[in-house]
Every structure is written in C-alpha cells, then in structure tokens.
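K.L.:
Below is a structure I'd like to ask you about.
The values are calculated or read from the model by the stated rules, or taken from the named source; none is laboratory data. Keep in mind that what you see is a predicted model, and the values were worked out from it rather than measured. Note: ideal-geometry Cβ built from the backbone for every residue, glycine included; neighbour counts use all protein chains shown.
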Amino acid sequence: MLTNKIFRMALIPVAVLAAVMISLQVRGQQQEVPVATEVSAAPESTATEATAEQPIVLAQTDTGATRRFELGEHYERLTPAQPTSSGPDQIEVAEVFWYACPHCYTFDPYLESWKEDLPGDVSFVRIPVLWAGIHQMHARIYYTAETLNKLDEMHADIFREIHVNRNGLDNAAAIGSFFGNYGVDAATFDSTFESFAVYTKLQRADELARRYRISSVPTVIVNGKYTTSATMAGSYPVLLEVIDELIAMERAGE
C-alpha cells in the first residue's frame with residue numbers, strides 16, 4: 001500500500017509537468033492564430049494593386065478638381081437632352097428672355113460683352129419667352145427686328161425703351177412707331193410683323209421653351225443639355241463662368 005502511495009505521489013509532478021506543457025502548447029497555438037490571419041501577402045498584394053491603380057484614381061480626381069461648379073447647385077441637366085437651333089459641330093448657348101424682365105435687362109450687357117470673344121465652335125442665340133399675351137407681343141418685336149436685319153441695331157434700344165423710357169411697347173401701333181425710328185416704314189413693318197416667317201419663329205421659340213421647361217427668365221441653356229441662371233450661380237459674372245465651364249464640359253464630351 002505504501003509502495004503504491006509513493007508511486008502515485010511520484011506521478012503527480014509528472015502529471016503536473018505534462019499539464020503545464022500541454023497548456024503552454026495550447027497557448028502557443030492560440031498565439032499563433034492572429035499571426036496566421038495577418039498574412040503579409042494579402043496586404044502587400046493589396047498595396048501593390050492600389051499602387052498600380054493610383055494613377056487612374058489621381059487622374060479622375062484631378063479632372064473633377066478642375067470643375068468649380070456642381071450639378072444640382074449651379075446648374076441642372078435636362079434629361080433627355082433637347083434639340084438646338086445650331087449645327088451639330090456647334091456648342092449652342094441660348095438665353096431665354098423677355099424684354100420687359102428687369103433681370104434680363106440687367107444681364108444683357110454682361111452677355112453682350114461675353115459673346116464678343118466666343119470661340120469658333122460656340123454659337124449664341126436668344127429665345128424670347130411666349131408665356132402670355134405681352135410676352136408674345138415682345139417676342140414678335142424680337143423676330144420682326146431679326147427678319148428685317150435690324151436686331152443688332154435695335155436689341156439694346158428695345159430694352160431701354162421699355163425700362164428707361166417707360167414705353168411698354170405693348171401694342172402694334174406703339175411698336176410700329178418705334179420701328180419707324182430705325183428707317184422701317186409702316187407698310188414694311190405691318191407686313192413683317194404679321195408675316196408667316198415671324199409666326200414660324202414664334203412657334204419654334206415656344207416649342208423650345210416648353211422642351212427646356214422654362215419657368216423663369218433669364219435662363220441659359222447650354223447645348224440643349226444644361227440649364228442655369230443667375231439665381232443658381234449667385235451673380236451675373238459667376239453665371240458667365242458657369243456657362244464657360246459647361247461649354248468646356250461639352251467640348252470634352254463629358
């Protein structure tokens with residue numbers, strides 16, 4: 001009995017030692033698990049791929065960084081894009097306006113100065129709005145002057161006649177008298193003012209304004225695709241900068 005007792009006591013250190021060794025082995029295995037999951041090959045591979053892709057990402061970032069103005073804030077996009085009055089090789093900038101609109105009157109000198117240095121691939125057109133009777137009357141003034149090749153001479157003066165001289169130009173007699181100041185006799189005025197050519201231009205203007213979903217003036221349309229205004233841009237000088245950027249985007253095919 002004593003011998004067995006001694007034998008069992010001798011086994012205790014061995015058992016304890018074995019337990020300790022097993023515990024250390026298990027701990028060693030547990031400590032090795034995070035090392036195994038943090039294999040450097042995957043991060044190195046990812047880093048290599050990121051390095052390879054980085055020039056593309058930087059190029060995209062640089063392109064965006066050159067654009068100062070944001071869609072939805074400084075301009076809107078028409079979907080789908082709408083037709084223009086210019087050729088396919090031209091980027092058209094169209095101002096939708098009304099002669100009696102004070103904001104259009106204020107904006108006009110900015111536009112006149114801006115369009116003096118237009119690139120060869122940019123065309124500028126005006127589209128008078130035709131919402132109601134007085135708008136239609138003033139649109140008829142615009143297209144009558146254009147048909148008679150008097151528009152360049154008369155355009156700014158029409159604005160001044162309404163806003164400075166307080167002549168509303170709201171009936172055919174007043175308009176005919178005004179045209180007489182530019183060498184247009186009564187018969188020529190009457191036949192042109194009521195002509196099919198002017199009527200056709202009015203119809204086209206109305207169609208475009210509807211397509212462009214015009215709800216206020218002045219509104220600027222760039223190539224039938226983008227709409228912007230001084231309200232969105234914040235000022236008339238900034239509006240011209242927005243227009244220039246939209247032209248550049250169209251030129252780049254963006």
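K.L.:
Kindly provide the set of residues from the stretch 85-106 that are at pLDDT 95 or above, part of a loop (DSSP other than H, G, I, E, B) and farther than 15 Å from Thr219 by Cα, ordered by number.
P.N.:
Residue satisfying the conditions is Gln90 alone.
K.L.:
Right, something else. Among Gly133, Gly176, which is the only one that is surrounded by 15 or more Cβ atoms within 10 Å (Cβ to Cβ) and over 30 Å from Asp89 (Cα atoms)?
P.N.:
Gly176
K.L.:
Check whether at least one residue in the stretch 238-251 is hydrophobic (A, V, I, L, M, F, W, C), within 19 Å of Asp89 (Cα to Cα), surrounded by fewer than 21 Cβ atoms within 10 Å (Cβ to Cβ) and in contact (Cβ under 8 Å) with a residue 12 or more places away in the chain, and report yes or no.
P.N.:
Scanning the stretch 238-251 turns up at least one residue that is hydrophobic (A, V, I, L, M, F, W, C), within 19 Å of Asp89 (Cα to Cα), surrounded by fewer than 21 Cβ atoms within 10 Å (Cβ to Cβ) and in contact (Cβ under 8 Å) with a residue 12 or more places away in the chain.
This table checks each residue for (1) closer than 17 Å to Pro128 by Cβ; (2) small (Gly, Ala, Ser); (3) not in a loop (DSSP other than H, G, I, E, B).
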{"position": "Tyr142", "(1), (2), (3)": "yes, no, yes"}
{"position": "Ala156", "(1), (2), (3)": "yes, yes, yes"}
{"position": "Phe159", "(1), (2), (3)": "yes, no, yes"}
{"position": "Gly168", "(1), (2), (3)": "yes, yes, no"}
{"position": "Ala174", "(1), (2), (3)": "no, yes, yes"}
{"position": "Phe178", "(1), (2), (3)": "yes, no, yes"}
{"position": "Val184", "(1), (2), (3)": "no, no, no"}
{"position": "Thr188", "(1), (2), (3)": "no, no, yes"}
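Conditions tested, residue by residue: (1) loosely packed, with under 13 Cβ neighbours inside 10 Å; (2) in the same structural domain as Ala186 (by TED's automatic domain parsing); (3) at pLDDT 95 or above.
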site: Glu49; (1), (2), (3): yes, no, no
site: Ala52; (1), (2), (3): yes, no, no
site: Leu58; (1), (2), (3): yes, no, no
site: Glu70; (1), (2), (3): yes, no, yes
site: Asp108; (1), (2), (3): no, yes, yes
site: Ser123; (1), (2), (3): no, yes, yes
site: Ile141; (1), (2), (3): no, yes, yes
site: Glu146; (1), (2), (3): no, yes, yes
site: Asn149; (1), (2), (3): yes, yes, yes
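K.L.:
Can you tell me which residue in the stretch 158-169 is nearest to Glu116 (Cα to Cα), limited to those that are of a type outside the set (Lys, Arg) and without any contact (Cβ under 8 Å) to a residue 12 or more places away in the chain?
P.N.:
Val164
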